[in-house]
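Visitor: Let me begin by handing over the structure; questions about it come next.
The values are calculated or read from the model by the stated rules, or taken from the named source; none is laboratory data. The shown structure was predicted, so the numbers you read here are calculated from the model rather than taken from an experiment. Backbone-built Cβ (ideal geometry, glycine too); neighbour counts: all protein chains shown.
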Ligand SMILES: *Cc1c(COP(=O)(O)O)cnc(C)c1O
């Protein structure tokens, strides 16, 4: 048995290609639809929002997409990321399971988000775009894009969900340090924002509203495009560097995963970690159980409908077939801001329908308990989002203890929680509440789904 704790990978082993799982699926995913014509959207419909390289990647059927040399060069700042065996957590749990985590919190902005922010900024800069707009919830995406735009010398303008903007002022400061402009959303700068403020002056905002604002500004300015930090196919594609590296790292120490667990907001870190392993499973080379973990307060896989819905609140985006709680749904203010999106990646939703992975929902107190346990054993303070995955890893490790099975568990620790210490304080002082979602609120939100 190997004795590794940190599994090293040489800089030359940063992947040269992103992996596109669409090429290996038995059934292709349903296309996005134009809300007016209800026909599949074409490149022309998307051109006001995205540069042509990213539109091509969105509909790409090739198995591999080459990572541009310039992007690999920026990746070198923090990739390959470490794969670490959580020996101290294993010991504390008394489990025979072997737990590995791929740590993405060592990136410049502290999460996996720069894996896609950098190529998005690169392709936009290359096509002559001068400014990118985006939304951010917890602030991890906004800070990743701000960092990436600084690398390619383009402007970055961020609409940040007001609840987070007020609770996490330091995330907004980080974006400004990287040179971005930050607005609390809803803002008076857009038609969507003005309309919502007129109806609800104290609106805490939501990701869906912030997306509408960023899309509205990008669509109306010729030198400006929009960037999305999750959900879309090209985002999940870029994140596959996580899984490709993890696959190589585990192979280098002779380990094969039995269970792979990840948290899902829009699905990008989960897809990025698991797609290369799904490829290996489809090819018959391994047979891991793959499991997504979402918050009880925003349970799109476990309680949502699989239906065509808008990606934003105002209904400006194409219709996406996905697991959704309805585009009007505003989740309760749980601390895992990155998991508070009403929808889910259409690609992952399709793969879920194909039965290729499982999903479970967790309460935030169970998640923070696992986060503290992890911090006190492994030393890294996890962001609230990956504590969802950790809670399931702990549960699985305890099941192994019961059964005596020494399974190999793998997860992505997709961000650190240094900007989330308020949330940890709430937990430590016993003031954290759970927000399970009553079925009537789900039904009410789903009643607003567009009728096709
Ligand atoms: C954004 C974010 C998430 C949620 O987004 P996914 O696309 O589901 O990965 C989860 N964890 C962290 C640390 C994030 O920054």
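Visitor: Of the conditions (1) in a loop (DSSP other than H, G, I, E, B); (2) in contact (Cβ under 8 Å) with a residue 60 or more places away in the chain, residue 261 satisfies every one except a single condition; which number is it?
Guide: (1)
Visitor: Identify all residues within segment 343-367 that are in contact with a strand residue (DSSP E or B) (Cβ under 9 Å, 6 or more places away or on another chain) and over 15 Å from residue 232 (Cβ atoms); write none if there are none.
Guide: Once the filter is applied, which keeps residues that are in contact with a strand residue (DSSP E or B) (Cβ under 9 Å, 6 or more places away or on another chain) and over 15 Å from residue 232 (Cβ atoms), segment 343-367 yields 352, 353, 356, 357, 358, 359, 360, 361, 362, 363, 364, 367.
Visitor: Quick one: in segment 5-33, which of the residues that are in contact with a strand residue (DSSP E or B) (Cβ under 9 Å, 6 or more places away or on another chain) and not in a loop (DSSP other than H, G, I, E, B) is surrounded by the fewest Cβ atoms within 10 Å (Cβ to Cβ)?
Guide: Only one residue fits best here, namely 6.
Visitor: Follow-up. Quickly run through segment 71-99 and pick out the residues that are in a helix (DSSP H, G or I) and either under 26 Å from the mean Cα position of the chain (by Cα) or at pLDDT below 95 (or both).
Guide: 71, 72, 73, 74, 75, 89
Visitor: Kindly indicate whether residue 326 is at positive phi, buried (at least 21 other Cβ atoms within 10 Å of the Cβ) and in contact with a strand residue (DSSP E or B) (Cβ under 9 Å, 6 or more places away or on another chain).
Guide: So residue 326 passes the test.
Visitor: Which residues, taken from segment 380-393, are within 12 Å of the ligand (Cβ to nearest atom) and either part of a helix (DSSP H, G or I) or within 14 Å of residue 269 (Cα to Cα) (or both)?
Guide: 383, 384, 385, 386, 387, 388, 389, 390 - these are the residues of segment 380-393 that are within 12 Å of the ligand (Cβ to nearest atom) and either part of a helix (DSSP H, G or I) or within 14 Å of residue 269 (Cα to Cα) (or both).
Visitor: So in segment 142-188, with the set limited to residues that are assigned to a strand (DSSP E or B) and within 15 Å of residue 120 (Cβ to Cβ), which one is farthest from the ligand (Cβ to nearest atom)?
Guide: Per the stated criteria, the residue is 155.
Visitor: Just checking, does segment 366-379 include any residue being closer than 19 Å to residue 275 by Cα, in a helix (DSSP H, G or I) and modelled with pLDDT of 95 or more?
Guide: Within segment 366-379, none of the residues are closer than 19 Å to residue 275 by Cα, in a helix (DSSP H, G or I) and modelled with pLDDT of 95 or more.
Visitor: Can I ask one more? Can you pull out the residues in segment 331-341 that are touching a helix residue (DSSP H, G or I) at 6+ places or on another chain (Cβ under 6 Å) and either part of a loop (DSSP other than H, G, I, E, B) or more than 9 Å from the ligand (Cβ to nearest atom) (or both)?
Guide: Answer for segment 331-341, where residues must be touching a helix residue (DSSP H, G or I) at 6+ places or on another chain (Cβ under 6 Å) and either part of a loop (DSSP other than H, G, I, E, B) or more than 9 Å from the ligand (Cβ to nearest atom) (or both): 333, 334, 335, 336, 341.
Visitor: While we're on this one: Do we have any residue at all in segment 413-421 that's part of a helix (DSSP H, G or I), more than 16 Å from the ligand (Cβ to nearest atom) and either out of contact with any strand residue (DSSP E or B) (no Cβ under 9 Å at 6 or more places or on another chain) or closer than 16 Å to residue 262 by Cα (or both)?
Guide: Checking segment 413-421: not a single residue is part of a helix (DSSP H, G or I), more than 16 Å from the ligand (Cβ to nearest atom) and either out of contact with any strand residue (DSSP E or B) (no Cβ under 9 Å at 6 or more places or on another chain) or closer than 16 Å to residue 262 by Cα (or both).
Visitor: Condition test on residue 235, is it within 13 Å of the ligand (Cβ to nearest atom), at pLDDT 95 or above and in a helix (DSSP H, G or I)?
Guide: yes
Visitor: Can I ask one more? On the given criteria, is residue 251 away from the ligand (no atom under 16 Å from the Cβ) and either out of contact with any strand residue (DSSP E or B) (no Cβ under 9 Å at 6 or more places or on another chain) or in a helix (DSSP H, G or I) (or both)?
Guide: yes
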